[in-house]
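Trainee: Before we start, here is the structure in question, set down as structure tokens.
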Amino acid sequence: MSRNNQRKIIRKTLEDEIKKIKGKSANRHDDFGATKLAADVRGKMFWIGVKEHQGLMIETGEKCCFNHIIGLPEKEHLVGMGPDGKEVRETRKHPMYEYEREIFDSIFKHRYIRVKKATGMGVTTMMLRVIAHLCVKDDTYSGQEMIIVTGPRQDLANDELDRLVDLFRDTDYTPRRVGDSVFINRCKITAYPSHTFDSARGLANCRLIFVDEADFFPSGQIDKVMTVLERYEAKSAPYVILNSTVNMPTGLYAQMDKGKYPRFETVECFYEKGIGKIFTEYEISEAKKMASFEREYNGRYGHGEGNIFPYKLVDACTGQYDLAPGENLKVLAVDPAYGSSKFAIVAAEKVGDVIYIKEAEEFDRPMPSVMVERVIEMAKSYSTVVVDDSNPGLISELSERGIDVIGISFRSDLSKMTMVSSRMVREGKVRIHHAFEELIAQLKSVKLNKRGHPDKELLNFDLGDAFLMAVSQIDASGWYWISV
């Protein structure tokens with residue numbers, strides 16, 4: 001081991017030990033029990049039903065529930081246009097709305113919940129308040145731990161801790177902030193960016209995990225995060241809350257819609273539940289002018305996001321047709337699996353000057369031998385087989401089994417394949433069957449990165465890669481069969 005690596009390990013060990021010592025000190029000197037806030041909130045409910053609330057607010061001087069004691073959340077709103085033609089802004093306080101009550105009740109009924117929401121619905125604010133309330137209503141969580149998981153950036157994690165501390169700004173109690181943790185009544189709340197969350201595996205007394213913007217984690221981090229979440233079920237049976245607007249049609253939430261991670265109960269709260277409450281009519285009318293409105297406010301995956309194969313162009317190429325292979329020029333394109341990617345196969349046939357997609361399937365972590373047999377079986381109908389040449393083992397094995405394989409170099413040909421496929425879609429010379437929903441979703445969502453290639457940081461594009469190979473290989477042939 002090099003001397004620099006030794007120094008890094010020693011420095012990291014010392015930093016971890018200092019954090020532990022500071023954490024213990026913060027926990028030991030927590031003064032919550034001696035505050036006026038403690039006397040006010042002990043035993044108080046998070047929120048009280050509307051019918052009982054008004055009278056109790058007056059009777060207690062707004063010490064009726066936790067949310068009134070620390071102060072209702074405030075939000076600045078656009079309410080319309082003034083006589084001078086400028087937008088009018090107004091700050092309003094917000095009680096707990098029906099959709100928030102549904103989320104709150106679901107947490108304590110199901111323990112594992114997924115919130116699919118519109119942006120700006122105030123769910124993150126509500127969850128930070130729920131965390132704070134659990135810490136102070138009594139001493140149940142004293143000495144326990146809670147976790148907040150955000151996206152890949154540390155500043156997002158820090159921001160949520162700052163917001164958590166700020167909830168108590170108008171009280172006589174200030175939670176202790178120590179590094180990436182906050183202590184409230186001796187309960188430790190730690191915030192993790194998604195890429196460091198696997199370091200939370202060893203917590204012994206984790207009682208709640210709040211995963212914010214869960215559908216925006218990079219694809220390579222989804223399984224890691226979910227594995228850690230599942231790990232805690234047997235250890236401490238925590239409450240687990242996923243919260244997010246929807247993102248890509250290949251991301252975590254889309255996978256859950258198809259049955260993955262069935263443990264989670266889903267609560268939907270899109271923009272219509274917030275009109276006249278958390279949103280003004282004017283705000284929604286302005287939001288509807290944005291290309292991303294359907295995704296941000298109405299739960300439509302990836303809507304308005306892709307820029308290689310725009311929605312309208314893909315929709316124009318989508319339809320129904322006979323999927324049986326004919327006697328024209330045909331290509332079978334194979335994109336093997338690597339790491340967290342999937343094994344994808346796309347088959348295409350050119351009829352006249354139009355390319356028809358006849359097969360589009362992908363497999364999650366398949367046995368290599370099974371995939372070899374699958375490709376060999378399909379090759380009986382598709383004489384031209386192209387394979388990503390970064391998997392020479394698959395190419396060799398197929399060749400040994402009598403399959404003529406053409407290796408495709410993504411390193412040198414990806415830009416050209418992307419341009420050719422995009423042009424063919426733009427010119428309406430591709431047809432994609434309605435049944436190939438996953439391929440359609442990937443094409444609609446993918447963006448160009450700085451190198452002019454499909455950006456795969458947040459998107460599984462394995463079927464898309466196979467599509468690029470199939471379409472560009474047929475186009476490169478420069479000819480086609482005509483059935484007689």
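Trainee: Could you please give the count of residues in the stretch 70-80 that are surrounded by 10 or more Cβ atoms within 10 Å (Cβ to Cβ) and without any contact (Cβ under 8 Å) to a residue 60 or more places away in the chain?
Mentor: Going through the stretch 70-80, the residues surrounded by 10 or more Cβ atoms within 10 Å (Cβ to Cβ) turn out to be 70-75, 77-80.
From what is left, the residues that are without any contact (Cβ under 8 Å) to a residue 60 or more places away in the chain are 72-74.
Residues that pass the stated criteria total 3.
Trainee: Within the stretch 227-235, is there a residue that is in the same structural domain as Gly120 (by TED's automatic domain parsing) and touching a residue at least 60 places away in the same chain (Cβ under 8 Å)? Show your work before the answer.
Mentor: Residues of the stretch 227-235 in the same structural domain as Gly120 (by TED's automatic domain parsing): 227-235.
If we keep only those that are touching a residue at least 60 places away in the same chain (Cβ under 8 Å) as well, we get none.
Among the residues of the stretch 227-235, not one is in the same structural domain as Gly120 (by TED's automatic domain parsing) and touching a residue at least 60 places away in the same chain (Cβ under 8 Å), which makes the answer no.
Trainee: Name the residues in the stretch 157-205 that are in a strand (DSSP E or B) and closer than 16 Å to Arg231 by Cα, would you?
Mentor: Listed by number, the list is empty, since nothing qualifies.
Trainee: Could you tell me which numbered condition Leu203 fails, if it satisfies all but one of (1) surrounded by fewer than 20 Cβ atoms within 10 Å (Cβ to Cβ); (2) aliphatic (A, V, I, L, M); (3) more than 24 Å from Gly122 (Cα to Cα); (4) at pLDDT below 85?
Mentor: Evaluating Leu203 over (1) surrounded by fewer than 20 Cβ atoms within 10 Å (Cβ to Cβ); (2) aliphatic (A, V, I, L, M); (3) more than 24 Å from Gly122 (Cα to Cα); (4) at pLDDT below 85 leaves (1) as the failure.
Trainee: Then there is this: What tally of residues in the stretch 360-375 results from selecting those that are touching a helix residue (DSSP H, G or I) at 6+ places or on another chain (Cβ under 7 Å) and either among the charged types (D, E, K, R) or touching a residue at least 40 places away in the same chain (Cβ under 8 Å) (or both)?
Mentor: 3
Trainee: Quick check: anything in the stretch 137-160 buried (at least 22 other Cβ atoms within 10 Å of the Cβ), in contact (Cβ under 8 Å) with a residue 24 or more places away in the chain and of a type in the set (Lys, Arg)?
Mentor: So far as the stretch 137-160 goes, no, none of its residues is buried (at least 22 other Cβ atoms within 10 Å of the Cβ), in contact (Cβ under 8 Å) with a residue 24 or more places away in the chain and of a type in the set (Lys, Arg).
Trainee: Turning to a different aspect of this structure: Condition first: in contact with a Pro (Cβ under 9 Å, 6 or more places away or on another chain) and part of a helix (DSSP H, G or I). Can you find one or more residues in the stretch 426-434 that meet it?
Mentor: yes
Trainee: Here's another thing I want to ask about it. In this structure, does Ile189 turn out to be more than 19 Å from the chain's Cα centre (by Cα) and crowded, with 21+ Cβ neighbours inside 10 Å? Write out each step before concluding.
Mentor: Numbers: more than 19 Å from the chain's Cα centre (by Cα): yes; crowded, with 21+ Cβ neighbours inside 10 Å: yes.
So Ile189 passes the test.
Trainee: Which pairs have Cβ atoms under 9 Å, sit 6 or more apart or on different chains, and link a residue in the stretch 425-444 that is over 17 Å from Val354 (Cβ atoms) to one that is modelled with pLDDT under 95 and of a type in the set (S, T, N, Q)?
Mentor: Glu438/Thr250; Glu438/Asn460; Ala441/Thr250; Gln442/Thr250; Gln442/Asn460
Trainee: While we're looking at this one, here's another question. Kindly check whether there is at least one residue in the stretch 456-470 that is over 18 Å from Val334 (Cβ atoms) and part of a strand (DSSP E or B). Show your work before the answer.
Mentor: If we filter the stretch 456-470 for residues that are over 18 Å from Val334 (Cβ atoms), which is where we start, we get 457-459.
Next cut, part of a strand (DSSP E or B) only: none.
So far as the stretch 456-470 goes, no, none of its residues is over 18 Å from Val334 (Cβ atoms) and part of a strand (DSSP E or B).
Trainee: Scan the stretch 214-254 for residues that are closer than 16 Å to Arg114 by Cβ and either surrounded by fewer than 18 Cβ atoms within 10 Å (Cβ to Cβ) or among the small types (Gly, Ala, Ser) (or both) and report the count.
Mentor: So the answer is 6.
Trainee: In the stretch 382-402, is there at least one residue being in the same structural domain as Ala324 (by TED's automatic domain parsing), under 32 Å from the mean Cα position of the chain (by Cα), not in a strand (DSSP E or B) and not charged (D, E, K, R)?
Mentor: yes
Trainee: Considering the stretch 396-419 alone, what residues qualify as being under 13 Å from Leu332 (Cβ atoms) and buried (at least 18 other Cβ atoms within 10 Å of the Cβ)?
Mentor: Result: Leu398, Ile403, Val405, Ile408.
Trainee: Pick from the stretch 284-315 the residues that are of a type in the set (Ser, Thr, Tyr) and touching a Gly at 6+ places or on another chain (Cβ under 9 Å): which of them is nearest to Thr119 (Cα to Cα)?
Mentor: Checking each candidate, the answer is Tyr297.
The values are calculated or read from the model by the stated rules, or taken from the named source; none is laboratory data. Predicted model only: the values in this text are computed from it and were never measured. In this analysis, Cβ positions are derived from the backbone assuming ideal geometry, glycine residues included, and neighbour counts consider all displayed protein chains.
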